[in-house]
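In what follows, a single structure is set out as structure tokens and then discussed.
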Amino acid sequence: MNRIEQIESNLSQLRLKLQTHKLYENLKSIDDIKIFMQNHVFAVWDFMSLLKAIQVQLTNTEVPWLPRKNPILARFINEIVHGEESDINELGEPKSHFEMYCDAMKQIGANTLQIEFLLKQLQSGNNLNYALSQLKIEPEVYNFVKFTFNTIETKKIHLIASAFTFGREDVIPDIFIEILKKSDTNSSNYSGLIYYLNRHIELDGDQHGPLSLQMIEELCADDDTKWNEVLIIAKQALEMRIKLWDSINNSIKNKIQPIVL
């Protein structure tokens, strides 16, 4: 059993808990999907910061440009960035997956005011902590985003890559397949969401997931300390995802809508 297999074995119970979460059983109506997306959109957004934090360290974004020591890793992350930041939507338009998600939210009538307010706060020059403090979101959503940025702030590339790979890329296809099973795929109101989900499953399962695992192997090599730290962060990332799912499930059961700003 290689190192990646050992980590995946250690994560199997947490992954099973995610894959069999009661949340999926409660995604029964368009209103349930709206509540899900209104909370989950923050995870779609902060994922991009994980991605860009990795890109900053594994490629050269400065001028004058200099080659990085590991072009293999640079290619890995650039391929993932290309797919996530500038994919093609169902209308043939270049858009990030985050923008596709927000478009899908608007298409089904989900509330985008909270995520739009966050973006406006950041665009106005406010720091992330202040911007988050101004939102009316569930504590678990806030904690999820904070965990993401606390990991980024370590500046340890193998930790950021672990949260990215095992907490996001490696688990997303399983999660979204479950959501698709509960969606009305014949409804035109879902066309943007269905396209987004299918696109994510295609990229993450066939391309991004395997690339991310290779990235972990390259970053950790034979360093036992790094491999141990990768496992710790991977477990924490999945635990945070489970708490987020618990919160969303509770919101769906109690029909809790976001507060309008």
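The values are calculated or read from the model by the stated rules, or taken from the named source; none is laboratory data. Keep in mind that what you see is a predicted model, and the values were worked out from it rather than measured. Virtual Cβ from ideal backbone geometry, glycine too; neighbours counted across all protein chains shown. All accessible areas refer to the heavy atoms of the entire protein, side chains included, with ligands and DNA or RNA removed. Shrake-Rupley method; radii C 1.70, N 1.55, O 1.52, S 1.80 Å.
Some values worked out for this structure:
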| item | result |
| --- | --- |
| Set LYS17/LYS235; LYS120/LYS255; LYS136/LYS243 screened for pairs whose C-alpha atoms are more than 20 Å apart | LYS120/LYS255 |
| Length added when fully stretched, ASP224-GLU79, from 0.36 nm per residue minus Cα-Cα | 49.4 nm |
| Selected from VAL44, TRP245, ASN10, residue furthest toward positive end of dipole (the chain; charges at beta carbon) | TRP245 |
| Karplus-derived 3J(HN,Hα), 6.51/-1.76/1.60, for each residue of the stretch 62-74, Hz, glycine and proline x | 9, 10, x, 6, 10, x, 7, 5, 10, x, 5, 5, 4 |
| Residue-by-residue Karplus 3J(HN,Hα) for the stretch 10-17, coefficients 6.51, -1.76, 1.60, Hz, glycine and proline x | 5, 8, 4, 5, 5, 5, 5, 4 |
| Those lysines that a straight Cα-Cα span of less than 22 Å connects to LYS69, excepting residues fewer than 8 apart in one chain | LYS52, LYS155, LYS156, LYS226 |
| Under-5 Å amide H pairs with LYS95, H placed in peptide plane, nonlocal only | ASP87, ILE88, ASN89 |
| Gaussian network model of the chain, Cα within-10 Å springs - most flexible of GLU85, GLU218, GLU93 | GLU93 |
| Among LEU135, LEU113, LEU66, residue whose mean-square fluctuation peaks in a GNM of the chain (springs only between Cα atoms under 10 Å) | LEU66 |
| Share of carbon and sulfur in the accessible heavy-atom surface of the chain [1.4 Å probe, %] | 50 |
| Shape category assigned to the stretch 216-261 from the gyration tensor of Cα positions, a/c cut at 1.5 | prolate |
| Under Karplus coefficients 6.51, -1.76 and 1.60, residue-wise ³J(HN,Hα) of the stretch 31-46 in Hz, glycine/proline x | 5, 5, 4, 4, 4, 4, 5, 4, 8, 5, 4, 5, 6, 5, 5, 6 |
| Three-way shape label, the stretch 1-54, alpha-carbon gyration tensor, a/c 1.5 | oblate |
| Residue (of ILE115, THR20, VAL56) at the positive-pole extreme of the chain, dipole from beta-carbon charges | ILE115 |
